[in-house]
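Engineer: Quick one: the structure is below, questions incoming.
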Amino acid sequence: MAMERDALAESLNDLFLNLSTMVKSELQGANNHLELLEKMNLRVGEEYKEFGDVASGLRVFVEQLKSKSGSFDEYVRQIEAIEDQVTHFESVVSMLDKYVSQLESKVHYEWTM
């Protein structure tokens, strides 16, 4: 009976030892997964920081473009004013051309008479 108890105690001891080893392995596996996730999170964080830096640089570039396009607006307004003046001059030239044609006709008529 004492031998049976010793065998039972030894079996229970082996069971608890194996169970302890299994739990330690499971915990180590979970710990390894957590370390991997932490490294992945750090890497993704670095990439997003780089994206943020790029986005910030793009924002500055867009602001510079806006300020440059604002200075072009004045030139565009000047060009449009010149275009309006040219259109007005064209109409004046057309009127003068008609008037000159009428004068030529009148002078030509008077010379032929």
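The values are calculated or read from the model by the stated rules, or taken from the named source; none is laboratory data. The structure displayed is predicted, hence computed values, not measured ones. Glycine also receives a Cβ, built like all others from the backbone with ideal geometry; neighbour counts cover every protein chain displayed. Side chains are part of the model used for accessible areas, which takes the heavy atoms of the whole protein and leaves out ligands, DNA and RNA. Shrake-Rupley method; radii C 1.70, N 1.55, O 1.52, S 1.80 Å.
Engineer: Pull out all pairs, ordered by first then second residue, where Cβ-Cβ is under 6 Å, the residues are six or more apart or on different chains, the first lies in region 35-59 and is of a type in the set (Phe, Trp, Tyr), and the second is surrounded by 10 or more Cβ atoms within 10 Å (Cβ to Cβ) and at pLDDT 90 or above.
Structural biologist: Short answer, once both residue conditions are applied: none.
Engineer: Also, quick follow-up: Here are some conditions: (1) open to solvent by 90 Å² or more (accessible area, probe 1.4 Å); (2) modelled with pLDDT under 85. Gly52 meets all but one. Which one does it not meet?
Structural biologist: Only one criterion in (1) open to solvent by 90 Å² or more (accessible area, probe 1.4 Å); (2) modelled with pLDDT under 85 is unmet by Gly52, namely (1).
Engineer: I need the full set of residues from region 1-10 which are at pLDDT 85 or above and open to solvent by 70 Å² or more (accessible area, probe 1.4 Å), in order please.
Structural biologist: Result: Asp6, Leu8, Glu10.
Engineer: Can you tell me which residue among Glu110, Glu83 is out of contact with any Phe, Trp or Tyr (no Cβ under 7 Å at 6 or more places or on another chain), exposed (fewer than 10 other Cβ atoms within 10 Å of the Cβ) and of a type in the set (D, E, K, R)?
Structural biologist: Matching residue, one of Glu110, Glu83: Glu110.
Engineer: Please tell me if Gly29 is surrounded by 10 or more Cβ atoms within 10 Å (Cβ to Cβ), at pLDDT 85 or above and on the phi < 0 side of the Ramachandran plot.
Structural biologist: When the stated conditions are applied, Gly29 passes them.
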